[in-house]
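The values are calculated or read from the model by the stated rules, or taken from the named source; none is laboratory data. Owing to the predicted nature of the structure, the values given are computational and were not obtained by experimental measurement. Here the Cβ positions follow ideal geometry from the backbone for every residue, glycine too, while neighbour counts run over all protein chains shown. We work out accessible area using only protein heavy atoms, side chains counted, and drop any ligands, DNA or RNA first. Shrake-Rupley method; radii C 1.70, N 1.55, O 1.52, S 1.80 Å.
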Amino acid sequence: MKALLMFAALCAAVAPRALAGTTVRDGEVRGVSVLPASGKVEVVIDLQGAAQVRDFTLTNPARLVIDLIGARLTAAAAMYDGVNRGGVKNVRYAQFKPGVVRIVIDLDELKDYQVDRTGSGGDGQVHVRIGSERTGFAAWSSSSVTTASLPPRREAERSRAEVGSQPPVTGGPDQAAHVTTPTLGHPMSIEEYLAAHRAEAVQSQAPRITVQWDNAGIEDVIAGFAAFSGRTIILSKDVKGNVTAEIKNQPWDLALNAVLESQGLAVQTLPGGILNVVSKIELARADSTVPITTRLVRINYAKATSLVPSVQSILSKRGQAVADSTSNALVITEVSSRIDDVVDFVKGLDLRTPQVSIQAKIIFVDRTDVEELGVKYDLGSQNQFFNRLVQRPDPRSAKPVDTDLDGVPDALVPTENFPPNQNIVALGGNSLSALGNANQAVINPALELIFSTAIGNFDLTTFVQALQRVELADIQAEPTITTLDNRQAEILVGDRVPIRVIDVSATTTGGGQAGSAVPRATVQFEQTGINLRVTPHVTSNRQILMEVHAERSNVRPASVDIGFTFQTQQADNQILVSDGETAVIGGLTVTEVTVTKSGIPFLVDLPILGKLFGFTSEQENRRDLLILITPHISDDLVSPGGQ
């Protein structure tokens, strides 16, 4: 403990003397450049004065962060042009906090890098060398981009902008920020405003910002938004106030509106895309002194009544929009300073709606394959046999017959057969009768084969039956329909099938006992056939988003007492396809296989030879359903107002 106290006292005595003889000048970051090198890409930071360099990496996405501690930013606010230079996709820099300048380098992937300081006396450059296989690119420098310099930050400001956010807006002045119509009343807090516009923040494509203020002046806050977005934002002379808040990962335009709302301010878009921040009270007071103007705007493609809600949402309190259904026009009343903007807004809504031609193909294939094969046997002698498959002569009906035509009978020949289904079985030695698969038969066989042979005193007769049948039903429907964008269209081709419905609880009031229950029959019609229902939407990049309902149905007689059954194949889907592209929105294959085998026990189960001792039947039913759809945009979009 004594040693530590002595060491602290020594340091306290030495430090003032060391600092007294040294003049430390704060560093200044004057520019950032991206240069090609041999097997490397170099990010050069123009640093004048003393500063400590600290570096680290971040993932998802890959970033290399360089902090210059003890430095301030004097370089012009320049935006990277978005070119991938040897794996460097973006370079952003800002005054992260007082005394710290942060440079964030967005990479396509993390690579080996080296940070070196060159120069003497505290002046020079910081070189960040990153490994790269692509070094053939044009250099970029912040000094080559003409932009306005950032205003100096006040020392009382505790603002820190997370420059690791998405790149700032690079559009021109015609890309207006999201501006809400100002409303008077109690101002909303920043948290309340962002919560009320949460859904809008999710859908916004504007670059996102993360920033924190601690009693920062409204002038510096607006200057930070101007630097981040690249927009020109001016303040009215009476705008005052301080901001203490924190915003995390919000679209910059929505964050700007939230700050202005909390301060009772509003923003106006001036010609050229300039944003003007004014007080809501002054804005309302100025509007109250401006004369109002009435314009008649004729609508070419849309219905005027459908545009009224959209137009009223941007009008001031003194504005009004009325639809004239006779001439399909809008009568707009608004202050003179805003009437032109409202008319341009209406023309932007009055677009020629493209037409979409939709061709569908519904393919239904029903295939049935039948294979049947069977063998019957009849074995017996003259005195013992089954009289079922083969009819044998009855010896009791034998009569003398002249076989050699010499006029003298020389043989006895039976003239009649045993009656059907009558069996004569003589019990005794050396006799055998057998009957195989007697009751089995192939219905309507394509092949019948009879083979008979004598084996000693026995007769063997074999019957072979075979059948192969293929049934194929191929049904194709190709409905085509044309409709306007965002309008549902339906095409139906089929039959209306009458169905009789019997109501056994119905009562009658005449023709019999009053109030008695008498069944009453009514007829209902059910629609069957081909049905296509679709709602298309043409996107901004000329793709087509469709909600599709495709159906094919038919009616078949039922084996039960209900009369009919309805077979239906349908598909409901929502798909996005390009113009002229064919998409499969539904596919179904149902295969049903039925195998029946019967025959002599044990023998019918023998491999290969088993087919000689029984009957086999195999039936395969296969149903294939395929629904294809192809949309075509039949006309091109034109400019607003039909021009």
**Request:** Being within 23 Å of Ile362 (Cα to Cα) and outside any strand (DSSP E or B) is the filter; apply it to the range 446-492 and report the residue that is least open to solvent (accessible area, probe 1.4 Å).
**Result:** Pro479
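Return the total of residues in the range 371-388 being part of a strand (DSSP E or B) and surrounded by fewer than 17 Cβ atoms within 10 Å (Cβ to Cβ).
So in the range 371-388, the residues part of a strand (DSSP E or B) come out as 371-380, 384-385.
Okay, now just the ones that are also surrounded by fewer than 17 Cβ atoms within 10 Å (Cβ to Cβ), so 371.
So the count comes out to 1.
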**Request:** With the checklist (1) at pLDDT 85 or above; (2) open to solvent by 70 Å² or more (accessible area, probe 1.4 Å); (3) within 44 Å of the chain's Cα centre (by Cα); (4) over 18 Å from Lys361 (Cα atoms) in hand, flag the one item Pro601 doesn't pass.
**Result:** (3)
**Message:** Looking only at the range 53-96, filter to residues that are of a type in the set (A, V, I, L, M), part of a loop (DSSP other than H, G, I, E, B) and closer than 21 Å to Thr210 by Cα; which one of those is modelled with the highest pLDDT?
**Reply:** Ala62
**Asked** Which strands (runs of 3 or more DSSP E) does the range 214-273 wholly contain that include 1 or more residues that are open to solvent by less than 20 Å² (accessible area, probe 1.4 Å)?
**Response** 242-251, 265-269
**Sole residue being within 30 Å of Thr462 (Cα to Cα) and either open to solvent by less than 80 Å² (accessible area, probe 1.4 Å) or touching a His at 6+ places or on another chain (Cβ under 9 Å) (or both), chosen from Glu547, Glu620** = Glu620
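How many of the residues making up the range 97-116 are outside any loop (DSSP other than H, G, I, E, B) and loosely packed, with under 14 Cβ neighbours inside 10 Å? Break it down stepwise before answering.
Looking only at the range 97-116, we keep the residues that are outside any loop (DSSP other than H, G, I, E, B), and these are 97, 100-107, 113-116.
Now narrow it down to the ones that are loosely packed, with under 14 Cβ neighbours inside 10 Å: 114, 116.
Going through the range 97-116 one residue at a time, the tally reaches 2.
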**Asked** Within the range 301-337, which residues are open to solvent by 90 Å² or more (accessible area, probe 1.4 Å) and touching a helix residue (DSSP H, G or I) at 6+ places or on another chain (Cβ under 9 Å)?
**Response** Tyr301, Lys317, Arg318, Gln320, Ser325
**Prompt:** Just checking, how many residues over the range 553-606 are assigned to a loop (DSSP other than H, G, I, E, B), touching a strand residue (DSSP E or B) at 6+ places or on another chain (Cβ under 6 Å) and over 29 Å from Gln468 (Cα atoms)?
**Reply:** 3
**Message:** Out of Leu235, Leu265, Leu256, Leu270, I need the residue that is modelled with pLDDT of 90 or more and under 28 Å from Ser336 (Cβ atoms). Which one?
**Reply:** Leu256
**Prompt:** What is the number of the single condition among (1) open to solvent by 20 Å² or more (accessible area, probe 1.4 Å); (2) in a strand (DSSP E or B); (3) acidic (Asp, Glu) that Asp344 does not meet?
**Reply:** (2)
**Complete:** Of (1) open to solvent by 70 Å² or more (accessible area, probe 1.4 Å); (2) at pLDDT 80 or above; (3) touching a Pro at 6+ places or on another chain (Cβ under 9 Å), Ile502 satisfies every one except (2)
**Message:** What pairs come out if I take residues in the range 490-510 that are more than 21 Å from Glu526 (Cα to Cα) and pair them with residues that are among the hydrophobic types (A, V, I, L, M, F, W, C) and modelled with pLDDT under 80 whose C-beta lies under 6 Å away, six or more apart or interchain?
**Reply:** Thr507/Ala517; Thr508/Val518
**Message:** Given (1) in a helix (DSSP H, G or I); (2) surrounded by fewer than 20 Cβ atoms within 10 Å (Cβ to Cβ); (3) of a type in the set (Asp, Glu); (4) under 39 Å from the mean Cα position of the chain (by Cα), identify the lone condition not met by Glu282.
**Reply:** (4)
**Message:** Please go through (1) in contact (Cβ under 8 Å) with a residue 24 or more places away in the chain; (2) under 30 Å from Ile499 (Cα atoms) for Glu551 and return the number of the only condition it doesn't satisfy.
**Reply:** (1)
**Residue among Gln359, Gln355 that alone is under 30 Å from Ala473 (Cβ atoms), open to solvent by 40 Å² or more (accessible area, probe 1.4 Å) and of a type in the set (S, T, N, Q)** = Gln359
**Scope the range 64-81; condition of a type in the set (Val, Ile, Thr) and surrounded by fewer than 19 Cβ atoms within 10 Å (Cβ to Cβ); matching residues** = Val65, Ile69, Thr74
**Some residue of the range 358-371 being under 30 Å from Lys597 (Cβ atoms), touching a strand residue (DSSP E or B) at 6+ places or on another chain (Cβ under 8 Å) and of a type in the set (Ser, Thr, Tyr)** = yes
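Within the range 307-322, identify whether any single residue is β-branched (Val, Ile, Thr) and in contact (Cβ under 8 Å) with a residue 60 or more places away in the chain, and answer yes or no. Let's see the steps before the verdict.
So the first thing to find is which residues in the range 307-322 are β-branched (Val, Ile, Thr), and the list is 308, 311, 314, 322.
So of that shortlist, the ones also in contact (Cβ under 8 Å) with a residue 60 or more places away in the chain come out as 314.
The answer is yes, given that some residue of the range 307-322 is β-branched (Val, Ile, Thr) and in contact (Cβ under 8 Å) with a residue 60 or more places away in the chain.
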**Fill in**
Among (1) in a loop (DSSP other than H, G, I, E, B); (2) at pLDDT 80 or above; (3) closer than 30 Å to Phe615 by Cβ, Gln422 falls short only on (2)
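May I ask you to verify whether Val277 is more than 20 Å from Ser313 (Cα to Cα), of a type in the set (A, V, I, L, M), open to solvent by less than 10 Å² (accessible area, probe 1.4 Å) and outside any helix (DSSP H, G or I)?
Numbers: more than 20 Å from Ser313 (Cα to Cα): yes; of a type in the set (A, V, I, L, M): yes; open to solvent by less than 10 Å² (accessible area, probe 1.4 Å): yes; outside any helix (DSSP H, G or I): yes.
In short, yes.
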**Item:** Output for the range 528-544, where each listed residue is open to solvent by 80 Å² or more (accessible area, probe 1.4 Å) and of a type outside the set (Gly, Ala, Ser)
**Value:** Asn541
**Asked** Looking only at residues in the range 552-566 that are open to solvent by 40 Å² or more (accessible area, probe 1.4 Å) and modelled with pLDDT of 80 or more, which one is farthest from Phe364 (Cα to Cα)?
**Response** Thr565
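When residues of the range 285-322 are filtered for being in a helix (DSSP H, G or I) and touching a Ser or Thr at 6+ places or on another chain (Cβ under 6 Å), how many remain? Even if it seems obvious, please write down each step before you answer.
Going residue by residue through the range 285-322, those that are in a helix (DSSP H, G or I) are 285-289, 304-312.
Next cut, touching a Ser or Thr at 6+ places or on another chain (Cβ under 6 Å) only: 287.
Looking only at that region, the number is 1.
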**Close pairs (9 angstrom Cβ cut-off, 6 or more residues apart or separate chains): within 30 Å of Leu447 (Cα to Cα) in the range 469-489, loosely packed, with under 12 Cβ neighbours inside 10 Å anywhere** = Arg469/Asn444; Arg469/Ala446
**Item:** Residue ID - least open to solvent (accessible area, probe 1.4 Å), chosen from residues in the range 51-63 that are more than 16 Å from Val29 (Cβ to Cβ) and of a type in the set (A, V, I, L, M, F, W, C)
**Value:** Ala62
